[in-house]
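What follows is a set of notes on a single structure, which appears directly below.
The values are calculated or read from the model by the stated rules, or taken from the named source; none is laboratory data. Quick caveat, the model's predicted, so the values are computed rather than measured. So basically every Cβ, Gly included, is an ideal-geometry build from the backbone, and we count neighbours across all protein chains shown. Please note that ligands, DNA and RNA were not included when accessible areas were found on the heavy atoms of the full protein model with its side chains. Shrake-Rupley method; radii C 1.70, N 1.55, O 1.52, S 1.80 Å.
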Amino acid sequence: MLPEARKRKIVELVSTHDGQSVSELAEELDYSKATIRRDLRALAEEGLIERSHGGALPTSSVASERPYGEREVQNLEAKQAIASRAVEELADTEVVFFDAGTTTTEVARRAPGDLLAVTNSPPLAVELGENVEEVKLTGGTLRKRTRALVGPTAESFMERTNFDLLVLGTNGIDVEAGLTTPNENEARMKELMVEKANRVVLVCDATKVGERSFVQFATFEDIDHLVTDAALPKRLAETLDAAGVRVTEEATT
């Protein structure tokens, strides 16, 4: 494993497990403790992890990832308002992909029945099944923290399929960083979602604005429509406009 790839894996492991010891990382990656300590020092200097006694913790800026249950109740009213507007974009579409996430789940709860719905989230598939006639799951390995399916099986499914519309979530949206997420496997799935969709609707509440996570998965040019719950900062609004992104700010309409 190349040094940069090893460092990326360290950040992912520290983020996924809410911290790792030097011993755990050395065993998982099959490298010496001395090598892991050097990597941790370098990553801490870059601000990608925080050093702790005997190991590392995720930094709140790029690698942290709140548990699904916590995110499920956070800003719920805002997410419901976003979903009520975003679901209008599903009209007259046949095949819609729903990204894993709490805001996308709110959209799924309002989805009309006359479409083919696809998702990489088992709990979101259950929500879709209440209204939608046909629901397909990508398959893959479940990330318990986000309840998303990832990995080679999920990616293989994505590479064989195409979608009219993608309802996409993000951990961060930032002028310089674009759209980002903490986990490399989820970033790869999101890249494929964007690549395979004719149209992309990004749904995110105001807490994601100005935030950066570890891995970029899309640029603003990849997005057709952003639905959010608050007025955007001027610079971000101008950047989105320049990229041709239509923006709906639910709290200001």
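Some notes on this structure:
- For the pair Ala42 and Arg235, a Förster radius of 25 Å applied to the C-beta separation gives a FRET efficiency near 0.20, rounded to the nearest 0.05.
- Taking each of Lys9/Lys190; Lys7/Lys79; Lys79/Lys144; Lys144/Lys234; Lys9/Lys234; Lys196/Lys234 in turn, the alpha-carbon distance tops 27 angstrom for Lys7/Lys79; Lys144/Lys234; Lys9/Lys234; Lys196/Lys234.
- Accessible area of the chain belonging to carbon and sulfur atoms, whole % at 1.4 Å probe: 45 percent
- When the Cα gyration tensor is reduced to axis lengths a ≥ b ≥ c, the ratio a/c is 1.5 or higher for the stretch 13-61, and with a/b not above b/c it is classed as oblate.
- Degrees between helix 184-196 axis and first principal axis of the chain (Cα, 0 to 90, nearest 10): 30 degrees
- The chain: angle of helix 33-45 to the longest principal axis, Cα-based, in degrees nearest 10: 50 degrees
- Most fluctuating residue given options Lys144, Lys190, Lys208, as computed from a GNM of the chain linking Cα atoms under 10 Å: Lys144
- Cβ-Cβ FRET estimate between Thr153 and His17, R0 fixed at 22 Å, reported to 0.05: 0.45
- Whole-number percent relative contact order across the chain, with pairs defined as alpha carbons under 8 Å at least 6 apart: 15 percent
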